[in-house]
Structure formats: C-alpha cells, structure tokens
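Presented below is the structure to which this report refers.
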Amino acid sequence: MKNPFSKSKQGLNIIIVGCGKVGTTLVERLSGENHDISVIDLKSEVVQRVVGDYDVMGITGNGGSYSVQIEAGIETADVFIAVTDSDELNLLCCTVARKVGECAAIARVRNPDYLGELSYLREQLGISLIINPEWETATEMARLLRMPTALGINSFAKGHAELIKFKIPKGNILNEKHIYELRDLKCDLLVCGVERDGELVIPDGSTTLLEGDVVSFLATPVNSHRFFKQIGVDTHQVKNCMIIGGGKTSYYLAKQLTDMNIDVKIIERDNKRCEELSLLLPDTLIIHGDGGDEGLLREEGIESIESFVPLTGLDEENILLTLFAKSCSDTKVITKINRSTFTNVIDSMDLGSVMYPRYMTSESIIRYVRAMQNSIGSNIETLYHIFDNRAEALEFKVEKDSPVIGIPLMELKLKDKLLLACIVHKGKIVIPRGNHTISAGDKVIVVTTHTGFTDIKDILK
Amino acid sequence: MNYSVVRYILGWIMVIEAVFMLLPCIVAIIYGEQQGFAFLWVLLGSALIGCINVIQKPKNMNFYLKEGFVTVALSWILLSIIGCLPFVINNDIPKFTDALFETISGFTTTGATILSDVEALAKCSLFWRSFTHWIGGMGVLVFLLAILPMAGGSHMNLMRAESPGPSVGKLVPKVRHTAIYLYGIYIVLTIIEIIFLLAGKMGFFEAVTTAFGTAGTGGFGIRNDSLISASPYIQWVVTVFMILFGVNFSVYFMLLMGKFKQAFLFEELRVYLGIIFASAVIMFIDMKDIITEVGDCIRHIFFQIGSIMTTTGFSSMDFNQWPDTSKTILVMLMFIGACAGSTGGGIKVSRFIILVKTMLKELNSYLHPRSVKKIKMEGKPLEHETLRATNVYFITFFLIFATSVLLISLEGKGMVTNFTAVSATINNIGPGLELVGPMENFGHFTDFSKYVLMFDMLAGRLELFPLLLLFCPSVWTPKKKLKVEA
C-alpha cells in the first residue's frame, strides 16, 4: 500500500542506509523537502539520535538484510540510498533492494580499486547512481589548483559556464566600483552574490564592491580568464603541490594533478601506506613523516611551495596546518572540513578555499532525488549549494511546454531573492538581459536562496 | 526553557478545546438545556485567549525533550482546568475541587467520580464528561500533531511525552501521518462500537457516551449503576470493545497494511490475551458457586477483567461482593494495565514482559555468572536505555504509589479503601474496593486527598515523568539573552 499522504505533496519514500556524516546530511536536507524517510543503521544509538533530531523513522539493523529492508518499507520505496562505511555493503544493499523493490538505488563506492569499473557495476547491478565523494572532492580541488585565484569553482552546462568565487585583493581596481561599471571591462559576466562580513547579498547594478569582499560570478572560462587579466589578478595554474596525509582523497588528487603536470609531494605518517602509494603513484614524491611536524614541513619547503592541501582525517589538524602554511607564505591552500559544525567560526578564519565533502555527496544525491520527483522527467541538470548553503545554484533544462518560453525576461513575474544567471542557448552561453527570451531546449541557470525547486516553472511567482 | 514555544502550543490546546466544546453546545441545543450556555461562555473565552497566543508564531521554534515534557504536562493541567469550568458555572458540580477532580478523571480516562447521582446532571454535562474520555484516550497533543504542521524533529518530543509505553515507535516515517493514522483507527473503532450498541437497542445518546467511555478506556457512564442494568448483549459488546481498545494500536496498523502474520505474532498482544484468559479461568473456578448460571458467570468475569485490565472501569456487577481470590486478581490486573500504545493505563503489559525477562536473566546469571544474554522483545534485542527506563519507571511508580497511600491514610479510612483508591486512580481505572467500590464514589474524601488523587491520575496517564519534571527547579531557568553581535 502506498502512503496516501505522500502522493498529494509529491514526496517520495526514501530509505537511507548508514547514518554517518553523509547520511545525516542527507536526512537533514531531504526531510526538509517533505519526503517520507526511513533510516537504517547498525548502531541503535545513532538511529536514536537521528530519529530524535528529524522527523523520520529509524530501524536498527543491517541494511543489506532482506527482512530489515522489508521492515523499512522497501516495497513502496522510490529511492534507496546506501552510504555506509563499506563499499561492498553499499553494493549489496542496493542489489538486494533492486531485487525486492521498484526503486532507484544509489550507492557510495569509494575504493580506488573499483574506480575504473563503476559504469560496469552500475549496469550489471542495476544501480542508478554511484557516487565517489573522495573522487569528486579531488576533482574539485584539482580544478581550483588550475585557477588558484578562485576560492571555489562550480561548473555548469558541462563545463561551458563556471560559477567562480574569489576575494577582491587589497588595492585592486575593483575597490569601490559599482557593479554596472564592470561592463566597461568588456567581459560578459554576471555577479551572482557578494559576501561581506558573513552577510550574503544577491546584488543588483548599483551594489558597490569593496576590497575584501568575496564575489561570485558566472561566466565562460574564456571570459573569466579575460576578466582576471583585466583586473590584474594572476591566473596561471600552480606548478607544485604539497599534500599532507595519504588517504583516498590524496591518492585521487595526486593522480589528477600528476596528469596536469603538477609536481606533487605527499607526506604520510604510516610507512606501509607510503609504500602502497609509491607503487600506485610512481611519479609522485612520497615522504614518510609526520605532517604535523613543523621542522619537516620547513625542510620540505613549505615556504616556497605554490599550493598546500592538508588532507588528514582531523578537521582541527587541517585547519591548523592551513593557518601555518598561510603564515609562512602566500601559497594557495585548500581546507577540507569533514564535520561541518561551527561554520561561523570557520568562516571568520582565513582558510583559503574551504571544502565540505559531505555536502558534495549530498548535492549529487539530492539533485537526483529532485529530478525523480519531477513527474515530467529530469529537469534539473546540476545543483550546487553555494555561499555556505545559504543559496542554491540550479541548472534547468527547459521542456517544450514550459510556461517561461517566449516571454521577454523583464515581463516574467519572478520570485524575489532569485537571479536568472545564465541561459545556454544551442550550446552558447548567454548572460541574460531584460529583452532576452527563453526557448525550448535551453538550459537556464538560476541562483536562489529558496530551496526545493524541482522545475523551471518554480521560478515564477 | 523556550517559553514562547510552550506558550504557543498551549494556545493551540486552548483553541482545540474550544472546538471540542462545540459538541456539548450542540447537545444542549438538541435537548433545549439552559446549562449549555456555560459551555458557550467557556468556549468563547478559551478560543479568545488561545487565539491571542497562537496569532504570532514564535521566532525561536527550538524544541527539545524538556520542552516536550513540560508542554505536555502543562497542557493536560490547562485542559482540565478549562474543562471543569462549565460544570462549576452551570451548577452541575458547584464546588471547584470536585469539578476539577471529575474533569481530570475524565481526561485521564480514569472514570472515578465524586457524584453520587449522575443521572441528575444535564445531558450536555453528561456528554462533556464522556467526551473528555474520548479526547484524553488518544491524547490531545497527538491530535495537535495531526492537524498542526511543525518543523523538524520537535514532533517526536511531544509524542514521546504523551504516548504510553516503554518505547515510542512511529507507524510511518512522519509523525504527522502517524498521528493521523492513530486517530483514524480510533475514530473508526468508536463508530463501529456505536453501531453495535445501537443494534442492541441502546438509545443514541447513551450509545455515543458509552462508546466514548469504552474507546478512551475511561468508564464514565450516564447511569448511576454503570452497565449493571444493561442487557447481556450490550455487556458483551462493551467487553469486546474494551479489550480491543486495550490492544496496541500498532497491531491495527499492521492489519491495515495486510501484515496479518506479524500482527498475530505480536508478543505483547499474545501475553495480553493470555493474561485475560488465565485470570478468567482462575476466577471461574473461584466463582462458579456464587453465580450458578454459567453463561452469566463467564460474561461477568470477562466484562470485569476487560474493564479492569484495560483500565476502563465499567461494572456489570458489584464486584465488591465477589470472593477474595477474584478481588485480588482484579487488583493485580489494575497494576498490569493494558498494552503500550493503546488508550488504556496501568504499568502496561510490555513493561511487565520486560521486567519478568530481566528477572529471569538475573536468575540465570546466578547459575552461569559468565553467561551473556541480550533480552529480546518482539524478536528484537532491547536497548539498555529501554531496560533502564523500565526499571526506573517501576521504582518511581511504587514510590509515588506508596507516598500517595500514606497521604490518603491521614484521613483514617480503611487500608483496602486507601490502597485501591490510589491504585484505581494512578492506573486510571476508576472504581476500587470497599468505600471506593463500583457502587460508591470518591465524594467522601477531603479536598487534600482529592488533590493527591488528581495528581496520581495525571501522573498515571502521562507516565509519571512529564509531571515530575514540573517540580525540577532547573526546568524553569530564565531565558538567556542571545549574544548581541558587536
């Protein structure tokens, strides 16, 4: 029997196995979007905590077991998400779920051994989506190291457009400029958000920029390069990189950086892991030693290194290492935060680019769930939580019969706190003006502080 | 403590009570009774004050377990105070203490009365008296959860405080939907009972009030002799429904979902029915010389067991006259009570299952000191938390029980009267033995004893802790000002 209440509000029945960091983030996000959620975890105290904090049903047990899944209501579930610690258990959970129920299965698989076989696994096991947060984090980091000026880069329209976040340096020509004056630079771009003293503003033409502001803008890669050149900011990619810790993310990052001809140095504490890494990454310099040792860091040239990425398992250690690196030189740093509490404290520190892998995982899953929720078919192409989760950037595909087609933008009744950032028309990026219209087949990028958009028509009042 | 959110929810409680009070007003119109105006005035007052409090939603909706417990306890006290005002205003029960006792007895589904002549009341008052059972049976906060959408996990904190049983589970992922299901099952069962009673040629008004009394496992009737003069058919119908309302509502949900096997294998249900039949057999052997007609004997035994075990408190016979063994069994059944997750009171069958299993485990650990064994319930291992909570509940229960008996005994009444008066109120049953037997009432107690018993009723219905928490000074800490950003 289907739950009669959920249908009316388009909520889905979702089962989440594993209530770790990602699982909890997913519960938090999805329960806010009116879905019926059941969580399964082996540890009862974890289940109790989640059930106490969110309006979900909790089941203690092994998510891979048939009877536990039945108890969680797999027969009526629409989405099944396995995000336990173990890749193999996640795959088993999804396989069982696919046999029992008619649901879309999503699994987290992190082990590098499976990296090349993900599409094979997906096909053979009938899994809808396999996510590898470490790989995605590493990809994002690599992208940042290619353009070290940016604090964050989110790509849209298969990389044709990028949402770039950067901090206006001291004494830059942008200081005390109005946004409409940016037009004189002859770069087609759109400023989507300005953060100053922790406050987020979705700007209009008259907003003034100050030094120290964190500005996010949307443009094509060519235009953003030209823009940075115009305002006198260096954009060449880094030449070398020091990574502390030799975990999975480090491995993925080192691999990608080596492919980009960047010299990589990994400092790892465990001798055995060092040996493993040296086999896996023949072109990378592996150093056996304690990454928290100041002497070692100086010896390995932290003062002269161009980029520094601490990837230890401890957030506190990562933050300290970043602060230390910043104090030694003006190297590009990326800080990875696993447990994202105390965001306001983290924001107030100078940590360079901050990354939250747990959000990246949940983003791709939520994107998938929202697309499923839409009865017409997948409409959301990409989704990012930007500005520390205070806003969402979404890319929609416009279907034939959408109500937004053919009307000049200035005549559309748009919701407040929403910005139409970009239209991708026949593969070309257009920064929209008031007289533009949207046609069928276009992709539209929207930045908004509303949540829960599933269709392009949600932008209308 | 987040006072504003507590005030907001209490405001909603007042609005809901006002809506509920429309029903006795309608009854008064049908029967053309002047007393109905009392309900109208209280209704308007309650609605007005309630609306003022709910009009502005508090900014800070943070809601923790502490707020949940305090809100529930205060809600029930507030409900009872407002609910008793009509009785005082329309002079049906002129004394405030008596009216409050009667209303608390109603909302907590106890069914203990201070009235010696129930039939003298106006129809609208009688209706309200029985209707309080129905409201209190499933709980007002659960009703609130069904209609009022609230954010986050705050729901669960309210539900946990109001729903009886050692551990509170949900039927479906959302609290709101769970509450809707619970009330749905409750309403449907009540309607079925009304239909069965009407089929037994019971008057419509009496059928509705009797059904309310049964559904909430309350026990207020509209006749002085409860159901003694009712026909055997009516008594059987009430017996069956009393037992049905004493069953964990999860069982009905499983049946609804088509999980018949799971429903019938439900451990608590089987123990519950087992206790009923075992007691019936012993009592039949004990009583067969007194009631010679076998059919009558079986009917009275089942009626009384159902009535006491589910903590309803109807009577088909003056069981004060029964032999001692049978009376003892009835008193013991008072403590066991109904299933967790039902509308009944008492310590609950599931808690007893847990306690007995813990005891057996302890016994086993003397034989094999190094043996490791997890206690299971419904086929699942029990959390240490649940075990601990159950043990503490049991101890607290008896502490409150003993203190109450001591306080009541200051009046100088007999031991049996004092003991059963407290056990009949703290377990939400209604009638006890001797001076508080089914043919008697609680009117003869002093005001002090009445307040003690009122406390017992509320403590029993809300499972002790919400009410005890009100007496912890640290709950009432003043609100801290938020740090002002410089």
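The values are calculated or read from the model by the stated rules, or taken from the named source; none is laboratory data. In this text, all values refer to a predicted model and were calculated from it rather than measured experimentally. Glycine also receives a Cβ, built like all others from the backbone with ideal geometry; neighbour counts cover every protein chain displayed. Accessible surface is based on the protein model in full, side chains and every heavy atom, while ligands, DNA and RNA are left aside. Shrake-Rupley method; radii C 1.70, N 1.55, O 1.52, S 1.80 Å.
Across region A:28-46, which residue is nearest to residue A:454 (Cα to Cα) among those that are open to solvent by less than 10 Å² (accessible area, probe 1.4 Å) and at the interface with chain B (Cβ under 10 Å from one of its Cβ atoms)?
Out of the qualifying residues, it is A:35.
Return the only residue of B:402, B:389, B:421 being within 14 Å of chain A (Cβ to nearest Cβ) and either buried (at least 17 other Cβ atoms within 10 Å of the Cβ) or within 22 Å of the chain's Cα centre (by Cα) (or both). Walk me through how you get there before you give the answer.
Working: B:402 fails: within 14 Å of chain A (Cβ to nearest Cβ); B:421 fails: within 14 Å of chain A (Cβ to nearest Cβ).
After ruling out the rest, the residue left standing is B:389.
Residues in region A:94-110 that are open to solvent by 50 Å² or more (accessible area, probe 1.4 Å) and in contact with a Leu (Cβ under 9 Å, 6 or more places away or on another chain): A:98 only. Per the listing A:341, A:335, the residue uniquely in contact (Cβ under 8 Å) with a residue 12 or more places away in the chain and either of a type in the set (Ser, Thr, Tyr) or assigned to a loop (DSSP other than H, G, I, E, B) (or both) is A:335. Residues of region B:42-63 that are loosely packed, with under 14 Cβ neighbours inside 10 Å and either outside any helix (DSSP H, G or I) or not β-branched (Val, Ile, Thr) (or both): B:44, B:48, B:55, B:56, B:57, B:59, B:60, B:62. Counting residues in region A:51-71 that are touching a residue at least 12 places away in the same chain (Cβ under 8 Å), more than 9 Å from chain B (Cβ to nearest Cβ) and among the acidic types (Asp, Glu) gives one or more.
Show me the helices (runs of 4 or more DSSP H) entirely contained within region B:167-263 in which 3 or more residues are open to solvent by less than 20 Å² (accessible area, probe 1.4 Å) and within 14 Å of chain A (Cβ to nearest Cβ). Break it down stepwise before answering.
Numbers: elements: B:175-199, B:204-215, B:232-245, B:249-256.
In region B:167-263, the matching helices (runs of 4 or more DSSP H) lie at B:175-199.
With respect to (1) in a helix (DSSP H, G or I); (2) modelled with pLDDT under 80; (3) more than 11 Å from chain A (Cβ to nearest Cβ), the lone exception for residue B:160 is condition (3). Between A:113, A:85, the distinction of being more than 14 Å from every other protein chain (Cβ to nearest Cβ), open to solvent by 40 Å² or more (accessible area, probe 1.4 Å) and not in a helix (DSSP H, G or I) belongs to A:85 only.
Filtered by the rule that a residue be of a type outside the set (Asp, Glu), open to solvent by 10 Å² or more (accessible area, probe 1.4 Å) and in a helix (DSSP H, G or I), region B:73-103 gives B:74, B:77, B:78, B:81, B:82, B:85, B:88, B:89, B:96, B:97, B:100. Please note which strands (runs of 3 or more DSSP E) are completely contained in region A:198-289 and include at least 1 residues that are touching a Gly at 6+ places or on another chain (Cβ under 6 Å), farther than 30 Å from residue A:174 by Cβ and open to solvent by less than 60 Å² (accessible area, probe 1.4 Å). The strands (runs of 3 or more DSSP E) meeting that bar are A:240-244, A:263-268. Which condition from (1) away from chain A (no Cβ under 14 Å); (2) open to solvent by less than 70 Å² (accessible area, probe 1.4 Å) is the one that residue B:383 breaks? Single failed check for residue B:383: (1).
Cβ-Cβ distances below 6 Å connect the following pairs, each with a first residue in region A:346-374 that is within 26 Å of residue A:78 (Cβ to Cβ), a second residue that is acidic (Asp, Glu) and modelled with pLDDT of 80 or more, and a separation of six or more residues or different chains: A:360/A:136. Does residue A:456 count as over 22 Å from residue A:214 (Cα atoms), surrounded by 13 or more Cβ atoms within 10 Å (Cβ to Cβ) and under 18 Å from the mean Cα position of the chain (by Cα)? Answer is no for this residue. Might you check whether a residue that is exposed (fewer than 15 other Cβ atoms within 10 Å of the Cβ) and in contact with a strand residue (DSSP E or B) (Cβ under 7 Å, 6 or more places away or on another chain) occurs anywhere in region A:157-180? Yes. Here residue A:250 fits the description: closer than 30 Å to residue A:291 by Cβ, touching a residue at least 40 places away in the same chain (Cβ under 8 Å) and hydroxyl-bearing (Ser, Thr, Tyr).
Just one of (1) of a type outside the set (Lys, Arg); (2) open to solvent by less than 10 Å² (accessible area, probe 1.4 Å); (3) not in a helix (DSSP H, G or I) fails for residue A:130. It is (2). Among the conditions (1) modelled with pLDDT under 90; (2) closer than 19 Å to residue B:312 by Cα; (3) open to solvent by less than 50 Å² (accessible area, probe 1.4 Å), residue B:434 misses just one, which is (3). A single entry from A:361, A:335, A:331 fulfils the requirement of being over 23 Å from residue A:212 (Cα atoms) and buried (at least 17 other Cβ atoms within 10 Å of the Cβ): A:361.
Conditions (1) modelled with pLDDT under 85; (2) of a type in the set (A, V, I, L, M, F, W, C), marked per residue:
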residue	(1), (2)
B:276	no, yes
B:279	no, no
B:302	no, yes
B:306	no, no
B:331	no, yes
B:341	yes, no
B:348	no, no
B:367	no, yes
